[in-house]
Amino acid sequence: MATTERAGELLYEGKAKQLFATEDPALLRMRYKDDATAFDGKKHAVIAGKGQLNNAISAIFFARLEEAGVPTHFVRRLSDLECLVRRVRLFPLEVIVRNIVAGSMARRYGLEEGMVLAHPTVEFDLKNDALGDPLVTEEQIAVLGWATQEEVAEIRRLALRVNEILSADLRGRGVVLVDFKLEFGRDPEGRIVVADEISPDTCRFWDAETREKLDKDRFRRDLGGLEEAYAEMLRRLGGTPR
Ligand code: UDP
């Protein structure tokens, strides 16, 4: 409804971000919130400073992907909590790349967390909190119309490329990229691009030496020190909160 939107109007509010219209119908303002949620929203807290850290960290990751030739929705950081992104049509999928067994993979298959996979895997969850983001196969995605076979193939290719770029970058900073979630959209030019955010809320990061968790597992598992861990990630990435 680009024609009836007013600049500044709240278009969408999720658990961790808000999206606002701008003067330009092709661009949206994304605002990070301090809310932390887990287990499909069943656990919730407000952690001062988290929004600002995620905005800064995500901006760095998106800029690195763009430099490496991976298209994203990101344009630039606008302020502590906000960035400018291009409007895209999101696929209703959460795309999860794993290098090391953790989280739901460990739980689902009764595996020890920390087992290194022989090669990275990509899996797809349907983005639907009410259903608990169920795992879907590529065949189901195509037959149920969430994305075509060709789109799924391109999404998989891009997700693995993102993994290569970010894993290599983080390795040099003493951080292991265990797993992460991406969302993809199609831009008005028809390109499939990485959208949403890439932050310690959506990735698992372990310190390469100590194996200390530098991500949202600190909240999920009541380990404390979440803001400090996110600030440490930003520091390792060479960024500043402002
Ligand atoms: N993830 C996410 N949003 C979700 C589900 C997962 O950002 O709704 C991220 C999560 O932070 C982790 C990766 O995707 O880095 C794999 O998550 P997993 O399937 O292991 O689920 P979890 O144990 O986090 O519930």
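Quick check for segment 1-152: number of Lys pairs with alpha-carbon distance under 15 Å, counting only pairs 8 or more apart or on different chains?
8
Cα centroid separation, segment 50-84 to segment 4-25: 17 Å. Given axes a ≥ b ≥ c from the Cα gyration tensor, I'd like to know whether segment 3-89 is rounded (a/c under 1.5), prolate (a/b larger than b/c) or oblate. Cα axes put segment 3-89 in the oblate bin. Summarising the label geometry, the points placed 7 Å from Cα in the beta-carbon direction at LYS15 and LEU160 lie 2.9 nm from one another.
To the nearest 10, the accessible area of MET30 is 10 Å² with a 1.4 Å probe. Taking a spot 7 Å from the Cα of ARG89 along the direction of its beta carbon, which residues of segment 1-43 have an amide N less than 17 Å from it? Label zone hits: 1-3, 26-27.
Computed on protein heavy atoms with a 1.4 Å probe, the accessible areas place TRP146, TRP206 in the order TRP146, TRP206, largest first. Measuring nothing but protein heavy atoms, the accessible surface of the chain at 1.4 Å probe radius is 52 percent carbon and sulfur.
Accessible surface ranking for TYR230, TYR109, 1.4 angstrom probe, highest first: TYR109, TYR230. Remark: the Cα gyration tensor places segment 87-151 in the prolate category, a/c being 1.5 or greater and a/b exceeding b/c. What the Cβ-Cβ distance of ALA118 and HIS44 gives, at R0 = 35 Å and to the nearest 0.05, is a FRET efficiency of 0.40. Lys and Arg at +1, Asp and Glu at -1: add these up for the other residues within a Cβ distance under 14 Å of LEU144 and post the number. After counting each charged neighbour, the total is -3. Taken along its three principal axes, the alpha carbon spread of the chain comes to 52, 44, 36 Å, from the longest extent down to the shortest.
Applying 1/(1 + (r/R0)^6) with R0 = 35 Å to the Cβ-Cβ distance of THR240 and THR148 gives a FRET efficiency near 0.25.
The values are calculated or read from the model by the stated rules, or taken from the named source; none is laboratory data. It should be emphasised that the depicted structure is a prediction, and the values quoted were computed from it without experimental measurement. No Cβ is skipped: glycine too gets one built from the backbone with ideal geometry, and neighbour counts run over all protein chains shown. Keep in mind that these areas ignore ligands, DNA and RNA; they rest on the heavy atoms of the full protein, side chains included. Shrake-Rupley method; radii C 1.70, N 1.55, O 1.52, S 1.80 Å.
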